[in-house]
Structures are given as C-alpha cells and as structure tokens.
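What follows is a short report on a single structure.
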Amino acid sequence: MPPVIRPATVADAPALLAIYRPYVERTAVSFETEPPTVEQFAARIAKSLEGWAWLVAEVDGVCAGYAYGTAHRERAAYRLTVETSAYLDEGFHRQGLGRALYEELLRRLTAMGFHRAVAGITLPNEGSVALHEALGFERIGVYKEVGFKFGAWHDSVWYQRGLA
C-alpha cells in the first residue's frame, strides 16, 4: 500500500519522537544532545502547525517519517523564509519516502506564500545532501566546526531553494 502523507497532530508526538530519538542519541545529524520529552516534542509540532506545516508519512498505518517547516529566524524580515527538515524511521530509508514528504511539504509551504526554504545539514550526510540537491536546493555555504557532539566538531552545510 502506498504511503499516506498527512498533517501531523500533537497526538503523533510519541511516535514521531521515537523516530527522532535515535538521531539524537546515536548520530550528529541532530545537534541536540538529549532527546526532548514527549511534551516538548508535542509543543514543537503545535508551534509549527500555527504558521508553517508539519507532515507525517504513514506506511500501513505506522508513522514512518515526518517533515516540517518552521521559522528560520525570529525577526520580522525573515517571515517569508522557512527552515525545513525531515526525519525517517531507520527502516524506511532509501525508499523514496523522504522525497515524497519533502515534495509535499514544499508544495504546501509554497501555497502558504513562503518565498524561500533553507535547510542545514550536519556533515557528512550523503543521503540528506543528495535529497536536497535532487529537490532543487542549492548549496550556499558551510559553517565549519559549529557543533560539538560525541567528542568531535561537526560542520553544517546550508542549502536554499526558492518557493514562490
């Protein structure tokens, strides 16, 4: 059965946090060093839904991944720029699900009137870099050694793509 992509709800927080937790605990993909609580994660979903979008991909009724947009910066002049991100359950990598989620997210953000999407990616992360480039994002720069996790410094590459 094909995946179902739908808007997230705060009730999805436990399942989506279960997807995110391994990225925090075992990788430098996320610069968080401790997983958020379910309540904190639910609050993130609620905040994103207030002005941007948060989508869930379900496969056979199971949450397999999510993608969302949120504020890039808090100052008013950034209001039409959105920061995007996506995470997949480890069992659903390389099946086109990340692309499907991201395409739908970008479509919705465009329809909402956003002008530009930006995304930061911890290096190395070949899969995420390839996904963003395939979706038309262009590399705009690298912040060198901006995150310290697991005893090592990590770079963050930034990408952008026009929406309007």
Options (1) 40, 38, 30; (2) 54, 32, 32; (3) 55, 26, 26 are given for Cα extents along the principal axes in Å, and the computed one is (1)
Here the membrane-span-like helices of the chain, with no claim about any membrane, defined by DSSP H, Cα axial extent at least 18 Å and mean Kyte-Doolittle at least -1.0, are 13-26, 38-51, 97-111
Taking 0.36 nm per residue of separation between residue 34 and residue 76 and subtracting their Cα-Cα distance, the length gained on full extension comes to 12.1 nm
Rounded to whole angstrom, the alpha-carbon centroid of the stretch 1-59 lies from that of the stretch 112-135 at a distance of 17 Å
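Bear in mind that the values in this text are calculations on the coordinates, not laboratory data. Every value quoted in this text rests on a predicted model; they were computed, and no experiment measured them.
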